[in-house]
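The values are calculated or read from the model by the stated rules, or taken from the named source; none is laboratory data. Owing to the predicted nature of the structure, the values given are computational and were not obtained by experimental measurement. Cβ placement follows ideal geometry from the backbone for every residue including glycine, while neighbour counts extend to all protein chains displayed.
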Amino acid sequence: MARDLLSHLLHSPKPDARKPSTTPATRRAQAQASEAQHIRELIFQMVAENPTWGALRIHGELPMLGFEVSRSHCVPLDEARTQES
């Protein structure tokens, strides 16, 4: 009986091999990517709803909504609007 148990333990897969686990760094990166996508969608919505606003105005409104982003993050999204028109 002890031999069977020992044999079972030696040949059973390791806990890590059964299911991949995510590390805190991986979860943090996934959360940041999700938040970045949400901010991008918000900027596109602001650009669509306020056609006279430029990147500087959009950048100024984002902190009032609780988002801290660099101005350079808003410029390409604003330029995309002008290229579509």
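Looking at the structure I just gave you, is LEU42 under 26 Å from the mean Cα position of the chain (by Cα), loosely packed, with under 10 Cβ neighbours inside 10 Å and modelled with pLDDT of 80 or more?
no
Taking first residues from the range 57-78 that are over 16 Å from GLN32 (Cβ atoms) and partners that are modelled with pLDDT under 80 and in a helix (DSSP H, G or I), the Cβ contacts under 7 Å between residues at least 6 apart in sequence or on separate chains come to ILE58/CYS74; ILE58/ASP78; HIS59/ARG71; HIS59/CYS74. Only one entry of GLY54, GLY66, GLY60 meets the criterion of being touching an Asp or Glu at 6+ places or on another chain (Cβ under 7 Å), modelled with pLDDT of 80 or more and either of a type in the set (Gly, Ala, Ser) or exposed (fewer than 10 other Cβ atoms within 10 Å of the Cβ) (or both), and that entry is GLY54.
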